[in-house]
Amino acid sequence: MSERAKISVARFAQGVAVQVDGAGTMAESQVVYAFAEEILKTTTRQVIVNLAACTYLDSTFLGGLVGLLKRHGTEPGRFAIYAPAPRRQSLFGVSRLDKILPFVDVLPPVEADLPLEARTQMSRDDLGRYIVDCHRRLAELGGEQAQDFGRVADALEGELEGRRRS
């Protein structure tokens, strides 16, 4: 089993950068999404998701980033992603999300580093609903993989419904 990614937060003058070291999967996605959402909803600070040391992003993580874009993309400069060009291409090129997600080319100077616990406080059903929502966001974007993401969301939603009934 692969080791869990390390997630940390770096504070800078105008906001925070959430850094993912290692593979960004559904577990890390929920933590990063919840943290970024809280900052963006309750403050005027900027959130940058730093993926310079990220080795992989699963579809749930990608859907979480699309969710942040949909909720906060109308506020220019509030939400962005940092990844050097080669990393950006490897993480986002296949999905073509590198064409729609907001990126910055330089990280601001860091004032302080803080760890961020990568433990979900969600129930199994809430995590399942989060995963369904992330895949629905990806399906809504259209493109070659839209049907696949829609099928995944439908299947997961069916499993959740089945658990609720039993």
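Just to be sure, is Ser95 surrounded by fewer than 17 Cβ atoms within 10 Å (Cβ to Cβ) and not aliphatic (A, V, I, L, M)? So that I can check it myself, show each step before the final result.
Details: surrounded by fewer than 17 Cβ atoms within 10 Å (Cβ to Cβ): no; not aliphatic (A, V, I, L, M): yes.
No.
Does at least one position in segment 25-45 carry a residue that is touching a helix residue (DSSP H, G or I) at 6+ places or on another chain (Cβ under 6 Å) and polar (S, T, N, Q)?
yes
Hey, Val47 hits all of (1) hydrophobic (A, V, I, L, M, F, W, C); (2) surrounded by 22 or more Cβ atoms within 10 Å (Cβ to Cβ); (3) in a helix (DSSP H, G or I) but one; which does it fall short on?
Condition (3) is where Val47 drops out.
For segment 82-92: of the residues being out of contact with any helix residue (DSSP H, G or I) (no Cβ under 7 Å at 6 or more places or on another chain) and either buried (at least 19 other Cβ atoms within 10 Å of the Cβ) or among the charged types (D, E, K, R) (or both), which is farthest from Pro108 (Cα to Cα)?
Only one residue tops the list, namely Leu91.
When you check Leu40 against the structure, is it crowded, with 16+ Cβ neighbours inside 10 Å, under 21 Å from Glu140 (Cβ atoms) and touching a residue at least 40 places away in the same chain (Cβ under 8 Å), yes or no?
Judged against the criteria, Leu40 is not a match.
Determine which member of the set Gly64, Gly73 is crowded, with 23+ Cβ neighbours inside 10 Å and of a type outside the set (A, V, I, L, M). Break it down stepwise before answering.
On the way: Gly73 fails: crowded, with 23+ Cβ neighbours inside 10 Å.
When all the criteria are applied, what remains is Gly64.
Select, from Thr25, Thr60, the only residue that is touching a residue at least 40 places away in the same chain (Cβ under 8 Å) and either over 21 Å from Leu141 (Cα atoms) or of a type outside the set (Gly, Ala, Ser) (or both).
On the way: Thr25 fails: touching a residue at least 40 places away in the same chain (Cβ under 8 Å).
Selected residue: Thr60, the only one of Thr25, Thr60 that is touching a residue at least 40 places away in the same chain (Cβ under 8 Å) and either over 21 Å from Leu141 (Cα atoms) or of a type outside the set (Gly, Ala, Ser) (or both).
For the condition touching a residue at least 12 places away in the same chain (Cβ under 8 Å) and under 21 Å from Ser123 (Cβ atoms), what is the one hit in Val9, Val66, Val20, Val32? Please lay out each step first, then the result.
Working: Val9 fails: under 21 Å from Ser123 (Cβ atoms); Val66 fails: under 21 Å from Ser123 (Cβ atoms); Val20 fails: under 21 Å from Ser123 (Cβ atoms).
Only one candidate passes the filter, namely Val32.
On the basis of being in contact with a helix residue (DSSP H, G or I) (Cβ under 7 Å, 6 or more places away or on another chain) and either in contact (Cβ under 8 Å) with a residue 24 or more places away in the chain or under 27 Å from Gln147 (Cα atoms) (or both), does Val110 make the cut?
Working: in contact with a helix residue (DSSP H, G or I) (Cβ under 7 Å, 6 or more places away or on another chain): no; either in contact (Cβ under 8 Å) with a residue 24 or more places away in the chain or under 27 Å from Gln147 (Cα atoms) (or both): yes.
So Val110 fails the test.
Evaluate the following for Arg137: is it of a type in the set (D, E, K, R) and either out of contact with any Gly (no Cβ under 7 Å at 6 or more places or on another chain) or surrounded by fewer than 17 Cβ atoms within 10 Å (Cβ to Cβ) (or both)? Don't jump to the end; show me each part of the working.
Values: of a type in the set (D, E, K, R): yes; either out of contact with any Gly (no Cβ under 7 Å at 6 or more places or on another chain) or surrounded by fewer than 17 Cβ atoms within 10 Å (Cβ to Cβ) (or both): no.
It is false that Arg137 is of a type in the set (D, E, K, R) and either out of contact with any Gly (no Cβ under 7 Å at 6 or more places or on another chain) or surrounded by fewer than 17 Cβ atoms within 10 Å (Cβ to Cβ) (or both).
Take Phe35 and tell me if it is touching a Pro at 6+ places or on another chain (Cβ under 7 Å), surrounded by 17 or more Cβ atoms within 10 Å (Cβ to Cβ) and either at pLDDT 85 or above or not acidic (Asp, Glu) (or both).
no
Which numbered condition trips up Val20, out of (1) in contact with a His (Cβ under 6 Å, 6 or more places away or on another chain); (2) over 20 Å from Arg137 (Cα atoms); (3) not acidic (Asp, Glu)?
Checking Val20 against (1) in contact with a His (Cβ under 6 Å, 6 or more places away or on another chain); (2) over 20 Å from Arg137 (Cα atoms); (3) not acidic (Asp, Glu), the one that fails is (1).
The values are calculated or read from the model by the stated rules, or taken from the named source; none is laboratory data. Only a predicted model underlies this, so the values are computations on that prediction, with no experimental measurement involved. Please note: Cβ atoms are built from the backbone with ideal geometry, for glycine as well, and neighbour counts cover all protein chains shown.
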